[in-house]
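The values are calculated or read from the model by the stated rules, or taken from the named source; none is laboratory data. Computed from a prediction, not measured in an experiment: that's the story for all the values here. Here the Cβ positions follow ideal geometry from the backbone for every residue, glycine too, while neighbour counts run over all protein chains shown. The accessibility values were calculated without ligands, DNA or RNA, using every heavy atom of the protein model including side chains. Shrake-Rupley method; radii C 1.70, N 1.55, O 1.52, S 1.80 Å.
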Amino acid sequence: MPTAVVAPQTVAAELNFLSPTLKEKPFYYRTPPAGKPESNIVVESQAVNITDLRTLSASQRNAFTIDSAGFQIIEHQTVEKDFVDEDAIRNVYYKETEELLKSVTGATRVFIFDHTIRRRKAGEAETPENRGPGLRAHVDQTPKAGAARVHHHLGEEAERLSKGRVQIINVWRPIKPVVATPLAYGDYHTFDVNKDLAASDLIYPDRVGETYNIRYNPSQKWYYLKNQTPGEVVLLKCYESEDKPGRALLTPHSAFIDPTAPADAPPRESIEIRALVFYEN
Ligand code: OGA
Ligand code: FE
């Protein structure tokens, strides 16, 4: 039987990038203090064609891995489905996600340091407790901030663990099928790491983290999974300690408004786990 020819489909959408007009180092506050500017970031939106991974063949889709491209789609069902009970998230879902990461990567140890639920209540202001989609292209950590996370969370063990390979991987999962505001992620190898990644200060009340904001470049290739379901997670690599030829070190990502989504599509509900991933000898 002839195999069907697969025609990749794209959606034309706007992504928000860091404007090249900003000359100083970008900064933003996690919780903006009263009377101070929240950020100096100047955003520039660009129309980008984002490829729907669902319209690729399975083998094409599976060729995108956290090491080849920086992102990877995994089919995986969970016991935890509601994500309303913080204890259940920490006791059940963290464990499920740890096991998932170990089985996909072969890591010996996984430490989940954070999660974010995006389920913004209609008509209420965006706060750290009431988050909506993150509509700016970014990477959660720079290499400096990624390496610092090991010390921040692992105390006495940090020095030993830092001698081996370390990654930070986000496990991003829909709570309900995602229609209106999906997540796009970029193939690492289509980015110019010297020009497109702008280290930015993320100011917490007690310390300063560092993230990358992304500058637009027409060679960048962006992907998403249309109508992504809770049984489909995307792994996003944010930090990699071992730079090897051909290896993806990170994946820029951004939520975007899908202009083809029905007007009555429900608001986005998703959870992302942030995990330190270790390969001990
Ligand atoms: C992330 C992230 C944005 C979103 O998972 O790190 O940036 O809209 N998510 O879900
Ligand atoms: Fe992110």
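Key figures for this structure:
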{"item": "Candidates R109, R160 - the one that is in contact (Cβ under 8 Å) with a residue 24 or more places away in the chain and out of contact with any helix residue (DSSP H, G or I) (no Cβ under 6 Å at 6 or more places or on another chain)", "result": "R109"}
{"item": "Residue within the stretch 163-186 that is more than 16 Å from ligand 2 (Cβ to nearest atom), more than 22 Å from L53 (Cβ to Cβ), open to solvent by 30 Å² or more (accessible area, probe 1.4 Å) and in contact (Cβ under 8 Å) with a residue 24 or more places away in the chain present", "result": "yes"}
{"item": "Residue identified as in contact with a strand residue (DSSP E or B) (Cβ under 8 Å, 6 or more places away or on another chain) and within 14 Å of ligand 1 (Cβ to nearest atom) among A145, A107", "result": "A145"}
{"item": "Residues that are open to solvent by 20 Å² or more (accessible area, probe 1.4 Å) and among the aromatic types (F, W, Y), drawn from the stretch 40-71", "result": "F64"}
{"item": "Scan of the stretch 248-281 for residues that are in a loop (DSSP other than H, G, I, E, B), closer than 19 Å to L53 by Cα and not charged (D, E, K, R), ordered by number", "result": "A248, L250, T251, P252, F256, I257, P259, T260, A261"}
